[in-house]
1. Being in contact (Cβ under 8 Å) with a residue 24 or more places away in the chain, more than 16 Å from DNA strand D (Cβ to nearest atom), more than 20 Å from A:LEU59 (Cα to Cα) and surrounded by 15 or more Cβ atoms within 10 Å (Cβ to Cβ) narrows it down to one residue among A:TYR91, A:TYR116; which is it?
2. Given the conditions (1) surrounded by 13 or more Cβ atoms within 10 Å (Cβ to Cβ); (2) not in a loop (DSSP other than H, G, I, E, B), which single one is not true for A:ASP16?
3. Among the residues of the stretch B:33-46, is any more than 25 Å from A:THR132 (Cβ to Cβ) and not polar (S, T, N, Q)?
4. Quick one: A:ARG147 ticks every box in (1) within 11 Å of chain B (Cβ to nearest Cβ); (2) within 13 Å of DNA strand D (Cβ to nearest atom) bar one, so which box is it?
5. So which strands (runs of 3 or more DSSP E) stay within the stretch A:27-89 end to end and still have 1 or more residues that are among the small types (Gly, Ala, Ser)?
6. Report, by residue number, each residue of the stretch B:81-117 that is closer than 21 Å to B:GLU28 by Cα and of a type in the set (Lys, Arg).
7. Only one of these conditions is not met by A:LEU125: (1) assigned to a helix (DSSP H, G or I); (2) crowded, with 19+ Cβ neighbours inside 10 Å. Which number is it?
8. Pull up the stretch B:150-168, narrow it to residues that are closer than 17 Å to B:LYS133 by Cβ and of a type in the set (D, E, K, R), then point me to the one that is farthest from DNA strand D (Cβ to nearest atom).
There are 2 protein chains.
Amino acid sequence: MNLSDFLLSIIAFSPDELQDITSHFEKENIPKDTLLIAQGQISKKLYFIEKGMGRSYYLKEDGKEVTQWFFGVGKFMSSVDSFFQQSSSLYYLETLEDSVIYSISNEKMDLLFSKYHKMEKLGRLVSIEMLTKVVNKLNAIQFQTARERYDYMLAEFPDISYRVPLGHIASYLGMTQETLSRIRK
Amino acid sequence: MNLSDFLLSIIAFSPDELQDITSHFEKENIPKDTLLIAQGQISKKLYFIEKGMGRSYYLKEDGKEVTQWFFGVGKFMSSVDSFFQQSSSLYYLETLEDSVIYSISNEKMDLLFSKYHKMEKLGRLVSIEMLTKVVNKLNAIQFQTARERYDYMLAEFPDISYRVPLGHIASYLGMTQETLSRIRK
DNA sequence: GTTTTCCTTTGACCTAAATCAAAAAGGGAT
DNA sequence: ATCCCTTTTTGATTTAGGTCAAAGGAAAAC
């Protein structure tokens, strides 16, 4: 899914508006396993995934990675708090496959938000959608068993689940790789 | 904190705008333990808490309540997905104290979003703030021990934690009341 | 092809927190 | 003060899932 189609699927932008908005994004080919943001940095860019996939992860003191979110085709990818509040990121953000990505800076994004009421609305709608998804994950983690959490995962990220290493999925679901391996049988 | 002060703390509305916006809200006194939305209903209203507090909770099949969120003074309270996406609510929403609350319907809120670009921006900022808070809770639940989660709770809801029954807090933190009781010593 | 590296599975054991159950402590109402 | 009802604490036991360790498999590198 490309950027224009995605934007139009949410808000009825005019061709001119769409042209202006998309011109603020930069299209990039980013290879697999590229780090986009490191923990502690302030995220300068928001990414839209046209092709490929990414994940955000947290690095614990003991050196273990904990996947925080997966980002698939047709989604915005960022360290949300860092990008929108220009604060130091708690997470690393990386590509998991060779990807085609549209990126935009914080300044340009704010400019678009100010220029277009419709864009502001899009921002609100996308935020709410993300919010409900995070709440769903919270539910899964908070009051479901390991087995039920795996089912939630399959429903939320059907296409992603078989494309990434087991360990990434296990930590996303708040369990160990061993436990997930046993569950899958 | 009253509604006008809250709105002004986020966006510089003109006196006229502020007057128009707040006139769409209805001020109500709501007694303790009043149910505002039941599971399965579609949330018709968004609430702003001037005084008092509330919580949202999920009812499990075995009849146990699991607190999903606490809402304190100066915050918007709702079953987010239900209100903004007009879908059936997964949660109950109730007051935990006698409260003074401003409420607004979904239709009026949409009207304000359409009428004022600034209001749309406010909606986006509030959504993002909520999103980052939910992500913080997710972190606490996903990779912290019971003891650390309690500390997170004290930081996030300092004033609330000693005003509600232990069981509500325990379920909010994804642990049993017994465990929380043992931790507190 | 063979080797190296990474990823997944399996096994044995351990531990944090859940469950079950009952006692203790508060807090209103009368 | 006493009684009733709700909330919190304490104790004994169980369990889901974690940890540690090693063996298979699969895919990339040589």
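The values are calculated or read from the model by the stated rules, or taken from the named source; none is laboratory data. It should be emphasised that the depicted structure is a prediction, and the values quoted were computed from it without experimental measurement. Every residue, glycine among them, receives a Cβ derived from its backbone with ideal geometry; neighbour counts consider all protein chains shown.
1. On the way: A:TYR91 fails: more than 20 Å from A:LEU59 (Cα to Cα).
Of the residues listed, the single one that is in contact (Cβ under 8 Å) with a residue 24 or more places away in the chain, more than 16 Å from DNA strand D (Cβ to nearest atom), more than 20 Å from A:LEU59 (Cα to Cα) and surrounded by 15 or more Cβ atoms within 10 Å (Cβ to Cβ) is A:TYR116.
2. Unmet for A:ASP16, out of (1) surrounded by 13 or more Cβ atoms within 10 Å (Cβ to Cβ); (2) not in a loop (DSSP other than H, G, I, E, B): (1).
3. Yes.
4. For A:ARG147, the exception is condition (1).
5. Values: elements: A:35-37, A:45-51, A:54-59, A:65-71.
So the answer is A:54-59.
6. B:LYS108
7. Failing condition for A:LEU125: (2).
8. B:GLU156
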